[in-house]
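Visitor: Handing you a structure now.
Every number in this text was worked out from the coordinates using simple rules, so none of it is lab data. Note that the structure is predicted; figures quoted are calculated from it, not measured. Note: ideal-geometry Cβ built from the backbone for every residue, glycine included; neighbour counts use all protein chains shown.
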Protein chains: 2
Amino acid sequence: MQTTDTTAAAANRPSPGRDETPFTATPREFGVGARLTLAVMADSYADVILEALEQADAAGLLVQTGKVSTYVSGAEQDVLRYLSQVIAAAGRSGAHVSAAVHLSRGCPGGVTCDIPEGGAALYSDIPHVEITGISATADWAIYPLADGGTGSAAADHMRDIYAAIEHAKSTGVTVTEDHYITRLDGDLAQVLQTIAAGWVLVGRSVQHVVTHATLSINSPSAS
Amino acid sequence: MQTTDTTAAAANRPSPGRDETPFTATPREFGVGARLTLAVMADSYADVILEALEQADAAGLLVQTGKVSTYVSGAEQDVLRYLSQVIAAAGRSGAHVSAAVHLSRGCPGGVTCDIPEGGAALYSDIPHVEITGISATADWAIYPLADGGTGSAAADHMRDIYAAIEHAKSTGVTVTEDHYITRLDGDLAQVLQTIAAGWVLVGRSVQHVVTHATLSINSPSAS
């Protein structure tokens with residue numbers, strides 16, 4: 001496992017919560033981050049993947065390359081820039097690329113977490129990334145993991161999922177609903193931004209929100 | 001999009017619910033199924049993927065190949081057999097293979113669903129598949145999407161996630177907890193069976209349960 005940590009600056013960034021509970025946390029403390037599995041369908045896959053990872057701007061991020069996926073921890077804006085740069089670079093090789101992207105916030109899941117359970121959610125801005133010139137298609141799903149609450153704060157995972165899908169329809173990407181997923185077609189940057197926007201927007205009222213997308217680039221079956 | 005439907009026999013299979021509400025549904029009506037994205041990191045990827053899909057036993061299943069992933073709908077046992085046979089065949093090519101597996105039950109998500117909202121869950125047996133002889137590593141996450149409830153039936157997504165992880169530790173695969181995911185190492189069949197078992201077990205009390213895993217086979221970095 002290879003670890004790169006360039007997060008000194010980002011660690012002090014305060015993030016006000018929107019809940020009644022006074023709550024601040026850095027993105028790291030709140031468990032904001034991603035896992036990325038990049039698959040390049042060419043004999044030269046190892047070189048393409050290594051070069052894609054090396055050329056990307058990891059400023060502000062902790063990056064750990066594991067057996068199956070690369071873990072990226074830091075602020076939403078930094079995470080999204082990194083994912084977009086890595087996947088775009090692999091796409092520029094011309095090879096058929098498949099990327100499994102997993103974004104998470106509200107830290108539970110097998111490792112220590114110091115945020116208060118339940119209520120407090122973290123307010124974040126929607127990240128923006130530069131257009132890549134690479135067309136991508138994503139099969140996307142979002143999971144708001146709220147348990148209880150009452151009144152307008154009562155957990156309703158389908159309400160939150162539909163809100164994220166409605167937002168996606170306003171971003172300029174082509175949105176198609178299908179079994180279990182919503183399909184997004186557009187520039188890689190717009191597709192990733194739409195996914196991250198749903199995750200951040202739902203995350204303003206739900207503490208633990210996870211989103212998964214499988215992206216396809218240069219697919220011969222897409223034409 | 002290519003569609004194969006060999007489900008005439010399976011469509012009549014009744015599945016008793018465990019909830020207080022009297023409830024039966026076929027796996028299809030309950031939205032039981034999977035999405036699979038198979039990535040083969042070799043120039044010959046198209047042939048390997050097509051052959052892997054063609055040789056697998058799709059009996060009882062509706063199979064639709066889409067732009068990003070292949071949708072498979074049917075009973076848990078049939079879905080798991082199909083996934084295992086497809087991924088194993090790709091692994092036998094010797095190429096480095098990455099597979100994004102997404103299992104879902106309790107049908108919401110962009111398409112029509114006729115099951116009662118909320119309570120009723122579907123009782124299913126844990127599927128079993130034959131050992132493949134192929135070693136696999138998976139980054140696995142499970143999402144119980146319950147909203148309310150009271151008493152012992154109150155939604156508690158982390159309780160259900162931990163129960164699935166505890167069960168995984170009893171199945172013979174190597175279990176490692178990491179950020180956002182649980183890593184499973186073992187024979188491909190055991191890894192898939194462990195993932196499906198968590199999904200089915202949590203699904204006995206929660207209606208809508210989704211699980212995602214990214215599997216890696218023949219990775220040069222794993223040795």
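Visitor: Starting at the first residue of the range B:129-145, write each ³J(HN,Hα) from the Karplus equation 6.51 cos²θ - 1.76 cosθ + 1.60 with θ = phi - 60°, in whole Hz, x for Gly and Pro.
Guide: Each residue of the range B:129-145 in turn: 10, 6, 4, 9, x, 10, 7, 9, 10, 10, 9, 10, 9, 10, 10, x, 9 Hz.
Visitor: Grab the residue from chain B whose Cβ hugs the B-to-A rotation axis most tightly, plus its distance in whole angstrom.
Guide: Axis-proximal residue of B, distance in whole Å: B:39, 2.
Visitor: Using a label point 7 Å beyond Cα on the Cα-Cβ vector, give me the inter-copy distances for residue A:46 in nanometres, one decimal, shortest first.
Guide: 2.6
Visitor: Using the Karplus curve 6.51 cos²θ - 1.76 cosθ + 1.60 with θ = phi - 60°, what ³J(HN,Hα) values do you get for each residue of the range B:98-106, in whole Hz, with x for Gly and Pro?
Guide: In residue order, the calculated couplings are 10, 10, 9, 10, 9, 9, 9, 8, x Hz.
Visitor: Shifting gears a bit: Search the structure for amide H atoms under 5 Å from the amide H of residue B:210, placed 1.01 Å from N in the peptide plane, and list their residues when 5 or more places away or on another chain.
Guide: For residue B:210, whose amide H was placed from the backbone, the distant partners under 5 Å are B:143, B:145.
Visitor: May I ask you to compute the full-extension gain from residue A:131 to residue A:166, defined as 0.36 nm times their residue separation minus their alpha-carbon distance, rounded to one decimal in nm?
Guide: So the chain would gain 10.4 nm between residue A:131 and residue A:166.
Visitor: I would also like to ask the following. Report the rotationally averaged projected area of the range A:32-116 based on its alpha-carbon convex hull, in square nanometres.
Guide: Mean projected area of the Cα convex hull: 5.7 nm².
Visitor: Then there's this: Quick one: net charge around residue B:127, please, counting Lys, Arg +1 and Asp, Glu -1 for every other residue with C-beta under 10 Å from its C-beta.
Guide: Local net charge: -2.
Visitor: May I ask you to derive the FRET efficiency for residue B:158 and residue B:113 from their Cβ-Cβ distance with R0 = 41 Å, giving the value to the nearest 0.05?
Guide: 0.95
Visitor: Around residue B:59, under 10 Å between beta carbons, what's the net of Lys plus Arg minus Asp minus Glu among the other residues?
Guide: Neighbourhood net charge equals -1.
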